[in-house]
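Undergrad: My structure is below; once you've seen it, I'll send some questions.
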Amino acid sequence: MSASAFTPDQEKAMVRKVTLRTIPFLFLLYIISYLDRANIGYAALQMNAELALSSEAFGFISGIFFVGYFMFEVPSNVMLNKYGARVWIARILISWGILAALSAFVQNAMQLYMLRFLLGVAEAGFFPGIIVYLTYWFRSKELATTVALFTAAIPVSYIIGAPLSTLIMDNIHWLGWSGWRWMLFLEGIPAVIFGVVCWLRLTDRPEQAKWLRPDEKEWLAFELERDRLSRKNVKHLTVGQAIANGKVLYLSFIYFVYQCGSLGVGYWMPQIIKGFSDTLTHTQIGFIAMVPYIIATTAMVMWSRSSDRRNERRLHSAIPLAVAAAALMGTGMTANPFTAIALISVALAGLYAFKSPFWALPTLFLSRSTAAISIAVINSIGNLGGFVGPYAIGLIKGSGKSATAGLVFLSGLLVVSFLMTLFIRLAPGADPAPAGAAKAT
């Protein structure tokens, strides 16, 4: 049977086979990733008092991770291209797991600044590397849904991490250690273990896959090449050209503003919830924090399927930002805790629904060979928003206002990001809009 002779049912079965082999494992790795970067928000419920950290200091601790991430994102992806995903992603996992566990031993703010910076350095390149890795296995028409299935690990990591982190903090105090120290230490170990598993299990390219039959390898190679040739007006860029490319920088700024909102909410949510009532235990805060992320996960997958079904990326990226901006504005203006949680849930649903259609946008005007560096540039510059968002809320809270007041500021930034996404200029014919919708050219 020739590569092009697969029946529709065989094609679906093939895509399902590749999905089941790759996505669950990558999903698990990304849960571990976000658990180790975001658990500092729950540690703050005990850690800030024990280390005498101000709101400004905690905001800086939360954000400095992304400075290291920014500085080493592109070099890390150059190394991934050189050594392959299996070896380099394993290295990333093992190094960040060690550093995450070492964070449990800090005695002051300066030590925590250094370890959080180094954690960002260690983890740099992981997300864009995985996005590029997925393009080696999936066609453009499946990419948004596939990326959504992978990036759904972000809200799921909060769903798992919120109760897990707070349960550890409230119940484990072995050897006289505080609960937050045990939480950071125990949650760092899985990254080291799965780094070894990654090196043993991950397959770099379809042609190396022992779990595919020869005819399946042939079909997948044929389809991926046909998909590559079907994309017109794509560009092939060097590292320097990718960094200086106008569209790449434009997308970088959109992602920067997005990350301000997404991570500003994520890192401060435990303390925002704590501010609703003095009687809440850490475990109760963890379970309450699950609710918005359960809603966000559902919205993320459903919205990405809509994007793939309609083969439309621009509006599917812009609309969630507008929804998130409105919800964050409402959250910052309400004092009712139930209304606030409902609005935060809507905001996070919008923020996470944005992700998958957005990461399909670069493939509309960039070649696959350029994708590793270009996506790394977008992700690294964009992730500086992970410094600005949490730190801005820390400054606003430190000035005597509540953390929720900072959400109004983040809402304004998301309006800017929405407008930039709405009016983005893509290559002609790159993003077919639904019938009757306005189209950027």
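Undergrad: Dipole of region 94-227 (Lys/Arg Cβ +1, Asp/Glu Cβ -1, origin at the Cα centre): which of PHE127, TYR113, PRO155 lies farthest to the positive side?
TA: Farthest towards the positive end: TYR113.
Undergrad: Name the helices (complete DSSP H segments) of the chain with a Cα length along the long axis of 15 Å or more and a Kyte-Doolittle mean of at least 1.0, or state none. Write down the numbers at each step before the final one.
TA: Values: long enough: 8-38 (42 Å, 0.28); 55-83 (42 Å, 0.76); 85-102 (25 Å, 1.60); 109-123 (21 Å, 1.09); 140-151 (17 Å, 0.66); 153-171 (26 Å, 1.11); 179-201 (34 Å, 1.17); 214-230 (24 Å, -1.25); 246-274 (43 Å, 0.75); 282-310 (43 Å, 0.27); 314-333 (30 Å, 1.15); 337-360 (36 Å, 1.32); 368-382 (21 Å, 1.07); 385-398 (19 Å, 0.91); 405-422 (27 Å, 2.31).
Helices meeting the criterion: 85-102, 109-123, 153-171, 179-201, 314-333, 337-360, 368-382, 405-422.
Undergrad: Give me the Kirkwood hydrodynamic radius of region 59-218, using the inverse of the mean 1/r over all pairs of distinct Cα atoms, in Å to one decimal. Don't jump to the answer; show the numbers that get you there.
TA: Working: mean 1/r = 0.0573 Å⁻¹.
Every distinct Cα pair counted, the radius reaches 17.5 Å.
Undergrad: A further question follows. Starting with the highest mean, order 185-197, 282-294, 214-226, 114-126 by the number of other Cβ atoms within 10 Å, averaged over the residues of each peptide. Walk me through the numbers before you get to the answer.
TA: Values: 185-197: 18.5, 282-294: 20.5, 214-226: 16.3, 114-126: 23.2.
Per-residue Cβ counts within 10 Å, averaged per peptide and sorted highest first, yield 114-126, 282-294, 185-197, 214-226.
Undergrad: If we sort 262-269, 394-401, 417-424, 358-365 on the protection proxy, mean other Cβ atoms within 10 Å, highest first, what's the order?
TA: On the way: 262-269: 26.5, 394-401: 17.1, 417-424: 19.5, 358-365: 24.0.
Taking the mean over residues of other Cβ atoms within 10 Å, the ranking is 262-269, 358-365, 417-424, 394-401.
Undergrad: Any chance you could run the full-extension gain for ARG425 through GLN208? It's 0.36 nm times the residue separation minus the Cα-Cα distance, nm to one decimal.
TA: Working: separation 217, 0.36 × 217 = 78.12 nm, distance 3.77 nm.
So the chain would gain 74.3 nm between ARG425 and GLN208.
Undergrad: Moving to a separate point now. Pop a pseudo-label 7 angstrom from the Cα along the beta-carbon direction at both ILE189 and ASN336 and give the gap in nm to one decimal.
TA: 4.5
Undergrad: For ALA5 and SER54 in one chain, what is 0.36 nm times their gap in residues minus the Cα-Cα distance, to one decimal in nm? Intermediate values should be presented prior to the final figure.
TA: Values: separation 49, 0.36 × 49 = 17.64 nm, distance 6.42 nm.
The ALA5-SER54 span can extend by a further 11.2 nm.
Undergrad: For the chain, what is the accessible area per residue in Å² when the probe is 1.4 Å? Display every interim value, and only then the final one.
TA: Details: 16620 Å² over 441 residues.
It amounts to 38 Å² per residue over the chain.
Undergrad: Could you tell me which of ALA296, TYR267, SER306 has its Cα farthest along the dipole of region 232-324 towards the positive end, charges placed at Cβ (Lys, Arg +1; Asp, Glu -1), taken about the Cα centre?
TA: Comparing the listed Cα positions along the dipole, SER306 ranks first.
Undergrad: Also: How would you rank 138-148, 6-16, highest first, on the average number of other Cβ atoms within 10 Å across their residues?
TA: Numbers: 138-148: 21.7, 6-16: 12.9.
Descending packing order for the listed peptides: 138-148, 6-16.
Undergrad: While we're here: Measuring from label point to label point, each 7 Å out along Cα→Cβ, what is the PHE105 to ILE294 span in nm?
TA: Each label point lies 7 Å from its Cα, and together they span 3.9 nm.
Undergrad: At 1.4 Å probe size, with the rest of the protein present, what percent of the exposed accessible area of region 279-320 is carbon and sulfur atoms? Please report the intermediate quantities before stating the final value.
TA: Details: 1270 of 1840 Å².
With neighbouring chains kept in place, the figure for region 279-320 is 69 percent.
Undergrad: Given a 1.4 angstrom probe, I'd like the percentage of the accessible area of region 126-264 that is carbon and sulfur, rounded to a whole number.
TA: Working: 3680 of 5610 Å².
Its accessible area is 66 percent carbon and sulfur atoms.
Undergrad: Another question, if that's okay. Counting only helical runs of four or more DSSP H residues, what would the 222 nm mean residue ellipticity of the chain come to if each run contributes -39,500 (n - 2.57) and the total is spread over all its residues?
TA: -26500 deg cm²/dmol
Undergrad: Subtract the Cα-Cα distance of LYS141 and VAL78 from 0.36 nm times their separation in residues, and report this length gain in nm to one decimal. Present the calculation step by step, with values, prior to reporting the outcome.
TA: Values: separation 63, 0.36 × 63 = 22.68 nm, distance 2.65 nm.
Fully extending the segment from LYS141 to VAL78 adds 20.0 nm.
The values are calculated or read from the model by the stated rules, or taken from the named source; none is laboratory data. Source: prediction; values computed, not measured. Quick reminder, even Gly has a Cβ in these numbers, built from the backbone with ideal geometry, and neighbours come from all protein chains shown. Surface accessibility is based on the protein's heavy atoms, side chains included, excluding ligands, DNA and RNA. Shrake-Rupley method; radii C 1.70, N 1.55, O 1.52, S 1.80 Å.
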